[in-house]
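S.K.: So that we are looking at the same thing, I have put the structure below in C-alpha cells.
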Amino acid sequence: MLAVLALLAAGLVWNTSPLLGLSLLLAALLAAYFHLPMLLLLRGVALFPRPFPPWTLRFWLAVFAALNLPKGALIRLNNLVTGNMTVRREEAHILVARCLQRSQCSHPVTADISHCRECGRCKIGAVKAIARTLGVSGTVEGGGTSARQRLQSRKPRLVVAVACERELLAGIIDARLPVVGIAITPGPRPCADSDVSIAELRQTLKRIIEEV
C-alpha cells in the first residue's frame, strides 16, 4: 500500500516538481523492495531456494546494522522458506559450531561428530544422538572456511546449521544451497561453552526430512 501511494504521488507531482517526483518514485521502489518479499514469504510463496538472493540479504543486513535492528529477524525470514523444504535424510546435513563443545573436554571433537564420546557434559552428544537416530550426517566445524569445504565435498541439498547469529548470517549468505539456521545461546566466555535447544533442532530435522 505504501509503495502504491508513493507511486501515485510521484505521478501527480512529476510535471510540477520532477525532483520530488523522482524522490517519491525511488521511495515507492524501496517500499516495494522491502514489502513484496515479506508478503511472498508470509503467503508461503517460495521464489528462491532461500528467502532472498545473497545480494538482497547483504543489503538487508547493512540496513539492519545501520538501524540497529535485531539481525536474528533475517535468520527467521530465511527459515520461513528453507524450513518448509523437505529432503531425503541422506540429502540433509547438520553443521555444528565447535563452541558448542565443552571447552575443558579432554576429547576434542573435530570434523565427524561421531568422534564424540557422549559424556553428557555438553550438547554435542545430544546432537550426535539425534543425527544417528534420524540417519543424518553431521560435522563439528571451527569456522566458515572448514564448513564451506565440508559442504563442497558432501554436497547436501539442505543444511541445518547450529551456530551464533553472526556465523549463521554469513553462512546463509555465502552458501550455495538452502540453510536452516538455529541460533546458539552464548556461553559465559566468547566462543566457548555455548548451548542450543535440542528440542528445536529435533523438531526442525523431523520437519525437513522426507518420509519415504
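The numbers here are math on the coordinates, done by the rules we state, and not lab data. Because the structure is a prediction, the values reported are computed rather than measured. Backbone-built Cβ (ideal geometry, glycine too); neighbour counts: all protein chains shown.
S.K.: Cut-off under 28 Å on the C-alpha distance; same-chain residues fewer than 8 positions from LYS71 excluded. Which lysines are left, in chain and number order?
M.R.: Partners found: LYS123, LYS155, LYS206.
S.K.: What is the packing order of peptides 103-110, 136-143, 160-167, taking the mean over residues of other C-beta atoms within 10 Å and listing the highest first? Display every interim value, and only then the final one.
M.R.: Details: 103-110: 12.9, 136-143: 19.6, 160-167: 21.1.
Most protected by this proxy first, the peptides run 160-167, 136-143, 103-110.
S.K.: For a quick protection proxy, order the peptides 89-101, 119-131 by their average other-Cβ count within 10 Å, most packed first.
M.R.: Details: 89-101: 21.5, 119-131: 18.7.
For the peptides 89-101, 119-131, the packing ranking is 89-101, 119-131.
S.K.: Can you tally the net charge around LEU151? Count Lys and Arg as +1, Asp and Glu as -1, for every other residue whose Cβ sits under 13 Å from the Cβ of LEU151.
M.R.: +3
S.K.: Gain in length, PHE59 to LYS206, computed as 0.36 nm per residue apart minus the alpha-carbon separation, to one decimal in nm?
M.R.: Length gained, PHE59 through LYS206: 49.7 nm.
S.K.: Looking at the calculated P(r) for segment 72-208, what percent of the C-alpha pair distances fall above 27 Å?
M.R.: On the way: 944 of 9316 pairs.
Of all Cα-Cα pairs in segment 72-208, 10 percent lie more than 27 Å apart.
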